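Since every read-out is calculated from the coordinates, none of them should be taken as a lab result. Keep in mind it's a predicted model, so treat the numbers as computed, not measured. FYI the Cβ positions are ideal-geometry reconstructions off the backbone, even for glycines, and counts take in every protein chain you see.
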Amino acid sequence: MTKLITLMISSLLSLSLAGISYAGSAETKETKIARAVSAAPASISDKATVMDADGTILREGSNGWTCMPGVALIPGDVHPMCNDAVWMAWMKAAKDGTTFSTDVVGFSYMLQGDALVNNDNPAATDPNDGGVWVQEGPHLMMLMPKAMLKDLPRDPFASGPYVMWDNTPMVHVMVPVTVDK
């Protein structure tokens, strides 16, 4: 199982190198914070801790949420996300190559959208492989006990919430949302 998680993370890193433009290393702390907090509603992000991809705390928070200017598992990623404690535990398990499970629901916001990924296989790196690829716009992600996933659709084009990366340790629910401008 640990080898599978490590392979998945390695593949995600390869995908990120192939398809995501990098933020410059001269990017200011303020720019990173602004991007990070854009991932969630202000009612969450205004009081969230902001953490850079390397774990550096850019701003202390007070509400238990952590926002990042990009997905910390993917070097150079610029798709911001805000995670509750359950999602931060998931991120740590993914980074460390350990298993993850939960008996509570966890939430992550990505209101600026995400990278192109294979809906079934987080290790996939070739969008031409015949798999189901999706680049989700604004969305909420949910972690939950696996038993709660059984009746949800796996099709990302089913117009509503769907299961991503089913049958992997990284399984979660994607919930597309509309963001008022």
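How large is ³J(HN,Hα) for each residue in the range 124-141, as worked out from phi by the Karplus curve 6.51 cos²θ - 1.76 cosθ + 1.60 (θ = phi - 60°), to whole Hz, x for Gly and Pro?
5, 10, 10, x, 9, 7, x, x, 8, 9, 9, 10, 6, x, x, 7, 10, 10
Taking the dipole about the Cα centre of the range 2-176, with the C-beta of Lys and Arg at +1 and of Asp and Glu at -1, give me whichever of Met91, Leu111, Thr49 is farthest to the positive side.
Thr49
Between Thr28 and Trp133, how many nm apart are label points set 7 Å from Cα along the C-beta direction?
3.6 nm
Would you mind calculating the gained length between Thr99 and Lys150 on full extension (0.36 nm times residue separation, minus the Cα-Cα distance), in nm to one decimal?
Going from the current span to full extension adds 16.4 nm.
At 20 angstrom or more along the helix axis (alpha-carbon based) and mean Kyte-Doolittle of -0.5 or higher, what helices does the chain contain? Whole DSSP H runs only.
The qualifying helices are 2-19.
Pop out the ³J(HN,Hα) list for the range 145-157 in order, Karplus 6.51 cos²θ - 1.76 cosθ + 1.60 with θ = phi - 60°, rounded to Hz; leave Gly and Pro as x.
Per-residue couplings from phi come out as x, 4, 4, 6, 8, 4, 9, 8, x, 9, 8, x, 9 Hz.
Treat the count of other C-beta atoms within 10 Å as a stand-in for reagent exposure and order Met141, Met81 from fewest to most.
So the residues, fewest neighbours to most, are Met141, Met81.
Any idea which of Val78, Met144, Trp133 is furthest toward the positive side of the dipole for the chain, if Lys and Arg beta-carbons carry +1 and Asp and Glu beta-carbons -1?
Value computed over the given set: Met144.
Sort Met68, Met148 so the one with the fewest other Cβ atoms within 10 Å of its own Cβ comes first.
Met148, Met68
Where in the range 142-181 does the amide nitrogen come within less than 20 Å of the point 7 Å from the Cα of Ala42, taken along Cα to Cβ?
Backbone N within reach: 178-181.
Ranked highest first by average number of other Cβ atoms within 10 Å, how do 83-89, 134-140 line up? Display every interim value, and only then the final one.
On the way: 83-89: 19.7, 134-140: 16.9.
The densest-packed peptide leads the list: 83-89, 134-140.
Over the chain, what is the relative contact order in whole percent, taking alpha-carbon pairs under 8 Å and six or more residues apart?
Taking the mean separation of contacting Cα pairs over the length of the chain, I get 19 percent.
Please report Rg (one decimal) and Dmax (integer) in Å for the Cα set of the range 2-176.
15.3, 46
Where does each of Asp151, Asp114 land when they are ranked from fewest to most other beta-carbon atoms within 10 angstrom?
Listing Asp151, Asp114 from fewest to most nearby Cβ atoms yields Asp151, Asp114.
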